[in-house]
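S.K.: First the structure, then my questions, so here it is.
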Amino acid sequence: MPLAGIALAPLLVSPLAPPSPRGSAAAVSAEPARRRRALRRVRCSAAAASGGGELSRATLLWRAAKLPIYSVALVPLTVGTAAAYNHAGLFFARRYFGLLAAAVLVITWLNLSNDVYDSDTGADKNKKESVVNIVGSRAVTEYAANVSLLLGFGGLFWAFAEAGDVRFIVLVLCAILCGYVYQCPPFRLSYRGLGEPLCFAAFGPLATSAFYFSNSSRSISSGTVLLPLSKTVIASSILVGLTTTLILFCSHFHQIEGDRAVGKMSPLVRIGTKTGATLVTVAIGALYTLLAAFGISRCLPPSCIVLGALTLPLGKWVVDYVQRNHDVNSPPFSHLPFSF
């Protein structure tokens, strides 16, 4: 179950553009790391000055869609559902896919409304892949966001009617509330550097536990059979929350200058990219340490530990990538599909 969350690690810094040709890498492999980074910055600046940095509309639309970010709708649902199956052998396929559609709609609202409110503050003034900038209308983007949220609510309340467990709807509404205060006026807590704690709470303990409770069962003959809160879902939700928070944290590496200009004090604005890269390394190490600890204490089944261990090479790749590229304020970090 925690594998679903930990396996997201490669997406934290996954560039949209293909890596540089091997020949180019070999040509500079003998140079010190600092010189390589300086050379990369010079090349990027030269490309921008010559107009070579102009992006196609298809590329802008891809970045605006941020398709990989919808994994944060899939993972809490899948992990919560797997925890319910592990505990009681319950799985309702129709409810699962209905909730998946609802979760995707809610994340669409989060994505679109974030662009709307960042447009209001000027944070996305020079962000070409902003939906507001692409569409050319704040009102249309906001309308689409609100429609997505309403449709998502419809799916969530349908699932609540099926499950009959009030804990599910309370927790999932609290998760959505975290998304609202994260970005929407008058709160905008992300501008105060509170985005990461809100992200952890929303996608970890709140959403993952909510989707676990969504597998409670209501029937005419037996009434409502409620699932008890188990140590397995608690452990899983912590791992999912930490992994999702890392996604948010890493999405800010290429936005520091823009965030600082509008007073958006993300953790990376406060601590800088070098310290941030160290923090990513520590956090990924903590993820695997927690995974082992949960396995030893039998909070998670042995299969989770084995499958989680298979992602160790990917975790190392993330650490190496961030350490090499943390101070690059242009491709590949600007190709990150995550942008909150």
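The values are calculated or read from the model by the stated rules, or taken from the named source; none is laboratory data. In this text, all values refer to a predicted model and were calculated from it rather than measured experimentally. Cβ sites come from the backbone with ideal geometry, for glycine too, and all protein chains shown count toward neighbours. When the accessible area is computed, the model is the full protein with side chains, heavy atoms only, and any ligands, DNA or RNA have been set aside. Shrake-Rupley method; radii C 1.70, N 1.55, O 1.52, S 1.80 Å.
One line per residue, one yes/no per condition, for (1) modelled with pLDDT of 95 or more; (2) over 30 Å from ASP120 (Cα atoms); (3) surrounded by fewer than 19 Cβ atoms within 10 Å (Cβ to Cβ):
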residue	(1), (2), (3)
ALA161	no, yes, yes
VAL170	yes, yes, yes
CYS178	no, no, no
VAL181	no, no, yes
PRO185	no, no, yes
TYR191	no, no, no
PRO197	no, no, yes
LEU206	yes, no, no
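S.K.: From the list LEU226, LEU248, pick out the single residue that is touching a residue at least 24 places away in the same chain (Cβ under 8 Å), under 20 Å from ALA159 (Cβ atoms) and not small (Gly, Ala, Ser). First the steps, then the outcome.
M.R.: Details: LEU248 fails: under 20 Å from ALA159 (Cβ atoms).
Selected residue: LEU226, the only one of LEU226, LEU248 that is touching a residue at least 24 places away in the same chain (Cβ under 8 Å), under 20 Å from ALA159 (Cβ atoms) and not small (Gly, Ala, Ser).
S.K.: So is THR232 of a type outside the set (D, E, K, R), over 30 Å from ALA159 (Cβ atoms) and open to solvent by 10 Å² or more (accessible area, probe 1.4 Å) or not?
M.R.: Considered against the rule, which asks whether it is of a type outside the set (D, E, K, R), over 30 Å from ALA159 (Cβ atoms) and open to solvent by 10 Å² or more (accessible area, probe 1.4 Å), THR232 comes out as no.
S.K.: Being of a type in the set (D, E, K, R) and not in a loop (DSSP other than H, G, I, E, B) is the filter here, so list the residues in segment 184-195 that pass it.
M.R.: At the first step, the residues of segment 184-195 found to be of a type in the set (D, E, K, R) are 188, 192.
Passing the criteria: only ARG192.
S.K.: List pairs: first residue in segment 151-174 and farther than 11 Å from ALA207 by Cα, second residue in a helix (DSSP H, G or I) and charged (D, E, K, R) anywhere in the structure, Cβ distance under 6 angstrom, at least six positions apart or on different chains.
M.R.: So the pair list comes out as ALA159/ARG95; GLU162/ARG95.
Residues checked against (1) hydrophobic (A, V, I, L, M, F, W, C); (2) part of a helix (DSSP H, G or I); (3) more than 18 Å from the chain's Cα centre (by Cα):
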site: PRO197; (1), (2), (3): no, yes, no
site: PHE200; (1), (2), (3): yes, yes, no
site: PHE203; (1), (2), (3): yes, yes, no
site: ALA207; (1), (2), (3): yes, yes, no
site: ILE234; (1), (2), (3): yes, yes, yes
site: VAL240; (1), (2), (3): yes, yes, no
site: THR243; (1), (2), (3): no, yes, no
site: PHE249; (1), (2), (3): yes, yes, no
site: VAL269; (1), (2), (3): yes, yes, yes
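S.K.: What about VAL328, is it at pLDDT below 90 and either crowded, with 20+ Cβ neighbours inside 10 Å or not in a loop (DSSP other than H, G, I, E, B) (or both)? It would help to see each step written out before you state the result.
M.R.: Numbers: at pLDDT below 90: yes; either crowded, with 20+ Cβ neighbours inside 10 Å or not in a loop (DSSP other than H, G, I, E, B) (or both): no.
No, not satisfied.
S.K.: Further, regarding this structure: In segment 257-280, what residues are of a type outside the set (Lys, Arg) and open to solvent by 50 Å² or more (accessible area, probe 1.4 Å)? Before the answer, list the steps.
M.R.: To start, the set of residues in segment 257-280 that are of a type outside the set (Lys, Arg) comprises 257-259, 261-263, 265-269, 271-273, 275-280.
Within segment 257-280, GLU257, ALA261, MET265, ILE271, THR275, THR278, LEU279 qualify.
S.K.: Please go through segment 68-126 and give me each residue that is of a type in the set (Lys, Arg) and buried (at least 17 other Cβ atoms within 10 Å of the Cβ), ordered by number. So that I can check it myself, show each step before the final result.
M.R.: Step one: list which residues in segment 68-126 are of a type in the set (Lys, Arg), which gives 94-95, 125.
Within segment 68-126, ARG95 is the sole residue that qualifies.
S.K.: Residue by residue through segment 91-106, note down the ones that are of a type in the set (A, V, I, L, M, F, W, C) and either within 13 Å of LEU156 (Cα to Cα) or outside any helix (DSSP H, G or I) (or both). First the steps, then the outcome.
M.R.: Let us first name the residues in segment 91-106 that are of a type in the set (A, V, I, L, M, F, W, C), namely 91-93, 97, 99-106.
Of everything in segment 91-106, those that are of a type in the set (A, V, I, L, M, F, W, C) and either within 13 Å of LEU156 (Cα to Cα) or outside any helix (DSSP H, G or I) (or both) turn out to be PHE91, PHE92, PHE97, LEU99, LEU100, ALA101, ALA102, ALA103, VAL104, LEU105, VAL106.
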